[in-house]
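**Q** I'd like to ask some things about the structure below.
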Amino acid sequence: MSLLAVAVLSAALLAYEVLLVRLFAIVQWHHFAYMVISIALLGFGASGTFLALTRGWLITRFVSTFAISSTLFGVTSLLCFAVAQRLPFNALEVIWDPRQILYLVALYVLFTLPFFCGANCVGLAFIRFGDRIGRVYRYNLVGSGVGALGIMLALFVLFPAAGLRLVAGLGIAAAACACLDEETGRRPLAGLSLALLALVFPLVLPQSWTTLRVSEYKGLSRALEVPGAEVLSEHSSPLGLITVVRIPTIPFRHVPGLSLNHTIEPPAQLGVFTDADGLSVITAFDGRWEPLTYLDFTTGALPYHLLQRPDVLILGAGGGADVLQALYHDAARIDAVELNPQIVWLVEEAHAGFAGDLYRWPGVRVHVAEARGFVSGSEDEWDLIQIPLLDSFGAAAAGVHSLSESYLYTVEAFREFFRHLRPGG
């Protein structure tokens, strides 16, 4: 049971680390997700120092120490996040407001505490069962792998805030397992009490404690300040938290690169935010081309005036604006690549009527894939290859998107693109 406790706690630790990456990307910006690695290492390093100084005293109280530390991990993983949400930290003010540095230090301390408590449990198990270090390490690694993979899958059905409650429950459940080990001294009453706490604690906490407080400077926060703005739906996945917004009073008019000489107002649009930022839009389309005349007044229209009915590859299709432009300019074949299947589902299913079944038009093929990997694995050639602009939806919407799409701008990536570009394209 102690080894099972190590596995459960290891799963909770890795799940918590992955969740923090997602939460930082949503509440602040995806750049802060990289802080999580240093926070986790700081917690484990502090724990190693602590155990080196106190191991003689703690090892004689293994069950109590493991149970208390594991329970504290579960409790602090939720409570520290709730406290951190209430700190007036604003990343944009760090340069000129010295107080923001103090808030940043406070964030490090808060998020380090759960990792410190969890690492104490793992370190104690290594010390206590040193003669079976191989088995302990095996349970630790298997638990870590299951936790990392499990939370990725769970994020398809759970919102990140709900995932925090799951992690808290797992931490306390690990404490219950440790108390039920006969070899180290079975404590059935304590074990059953902790098992009950693992079920109850995540459920009884007020919803407001885990409600995400998104930075007021992110695109979604600004959009929701407009009178009449409403959230139509939200969808969670490891690739990002997708929020669909409609504003009837002051509609979205998101057309990057639109000339001031345009004469046609864009049709109605739905805003699609990934991690509360990285705006992409789904444009209303009823099959008529006249309302889309504005697409000929964008910088992206230039290649279509140089090519006749080109075969087009669009990397980072998002809500379909580039696909719509290719259709408007009479592209012969369109391959649209999008990493997030939920974005494709929004255009293809949820808002298909609004978008005019854009992704089902003749000649349009949609591929759910990582952009550079799709190009490398394809034998096709195209006359035109469109890549997302820097800081557009594809490049900066989310941490995972950012890591993936940033490889689109390397020398090696452009060599690959040119290899698939048809002569004369």
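**Q** So how many residues does region 309-329 have that are hydrophobic (A, V, I, L, M, F, W, C) and part of a helix (DSSP H, G or I)?
**A** Counting residues in region 309-329 that are hydrophobic (A, V, I, L, M, F, W, C) and part of a helix (DSSP H, G or I) gives 5.
**Q** When residues of region 26-46 are filtered for being in contact with a Ser or Thr (Cβ under 9 Å, 6 or more places away or on another chain), modelled with pLDDT of 90 or more and either of a type outside the set (A, V, I, L, M) or not in a helix (DSSP H, G or I) (or both), how many remain?
**A** Residues flagged as in contact with a Ser or Thr (Cβ under 9 Å, 6 or more places away or on another chain), modelled with pLDDT of 90 or more and either of a type outside the set (A, V, I, L, M) or not in a helix (DSSP H, G or I) (or both) within region 26-46 amount to 1.
**Q** Among the numbered criteria (1) under 30 Å from Glu338 (Cβ atoms); (2) crowded, with 18+ Cβ neighbours inside 10 Å; (3) not polar (S, T, N, Q), which one does His262 miss?
**A** Here His262 clears every test but (2).
**Q** I've got another one for you. Would you list the helices (runs of 4 or more DSSP H) that sit entirely within region 135-228 and hold 1 or more residues that are under 14 Å from Ala5 (Cα atoms) and open to solvent by less than 90 Å² (accessible area, probe 1.4 Å)?
**A** 160-179, 188-204
**Q** Being within 32 Å of the chain's Cα centre (by Cα), touching a residue at least 24 places away in the same chain (Cβ under 8 Å) and more than 18 Å from Ile37 (Cα to Cα): is that true of Leu155 here?
**A** In short, yes.
**Q** Which of the residues spanning region 47-70 are crowded, with 22+ Cβ neighbours inside 10 Å and at pLDDT 90 or above?
**A** Ser47, Ser69, Ser70, listed by residue number.
**Q** Give the residue, chosen from Ile387, Ile343, that is closer than 24 Å to Thr283 by Cα and at pLDDT below 90.
**A** Ile387 is the lone residue from the list that is closer than 24 Å to Thr283 by Cα and at pLDDT below 90.
**Q** I need every pair where a residue in region 398-425 that is over 24 Å from Asp311 (Cα atoms) and at pLDDT below 85 has its Cβ under 9 Å from the Cβ of a residue that is open to solvent by less than 60 Å² (accessible area, probe 1.4 Å) and among the β-branched types (Val, Ile, Thr), sequence separation at least 6 or different chains.
**A** Pairs that qualify, where the first residue is over 24 Å from Asp311 (Cα atoms) and at pLDDT below 85 and the partner is open to solvent by less than 60 Å² (accessible area, probe 1.4 Å) and among the β-branched types (Val, Ile, Thr), are Ala398/Ile26; Ala398/Thr274; Gly399/Val21; Val400/Val21; His401/Thr274.
**Q** Right, next: Quick check on region 70-85. Is at least one of its residues in contact with a Ser or Thr (Cβ under 6 Å, 6 or more places away or on another chain) and in a helix (DSSP H, G or I)?
**A** no
**Q** Still on this model: What are the pairs, 6+ residues apart or on separate chains, where a residue within region 353-366 that is touching a residue at least 12 places away in the same chain (Cβ under 8 Å) and over 18 Å from Val281 (Cα atoms) has its Cβ under 8 Å from a residue that is in a loop (DSSP other than H, G, I, E, B) and open to solvent by less than 70 Å² (accessible area, probe 1.4 Å)?
**A** Qualifying pairs under 8 Å: Gly363/Ala331; Gly363/Ala332.
**Q** If I ask for residues that are within 22 Å of Ala355 (Cβ to Cβ) and open to solvent by less than 10 Å² (accessible area, probe 1.4 Å), which ones from region 303-316 would you list?
**A** Val312, Leu313, Ile314, Leu315
**Q** I'd like the residue in region 105-134 that is under 14 Å from Val6 (Cβ atoms) and of a type in the set (A, V, I, L, M) and, out of all such residues, is surrounded by the fewest Cβ atoms within 10 Å (Cβ to Cβ).
**A** Checking each candidate, the answer is Ile133.
**Q** OK, next. Looking at region 242-259 only, could you name the residues that are open to solvent by 20 Å² or more (accessible area, probe 1.4 Å), aliphatic (A, V, I, L, M) and outside any loop (DSSP other than H, G, I, E, B)?
**A** Of everything in region 242-259, just one residue is open to solvent by 20 Å² or more (accessible area, probe 1.4 Å), aliphatic (A, V, I, L, M) and outside any loop (DSSP other than H, G, I, E, B), namely Leu258.
**Q** Also, quick follow-up: From (1) of a type in the set (Lys, Arg); (2) over 29 Å from Trp289 (Cβ atoms); (3) at pLDDT 85 or above, pick out the condition that doesn't hold for Arg187.
**A** (3)
The values are calculated or read from the model by the stated rules, or taken from the named source; none is laboratory data. All figures in this text were calculated on a predicted structure; none of them were measured in a lab. All Cβ positions, even for glycine, are placed from backbone atoms using ideal geometry, and neighbour counts span all protein chains on display. Note: accessible area is taken over every heavy atom of the protein model, side chains too, but ligands, DNA and RNA are not part of it. Shrake-Rupley method; radii C 1.70, N 1.55, O 1.52, S 1.80 Å.
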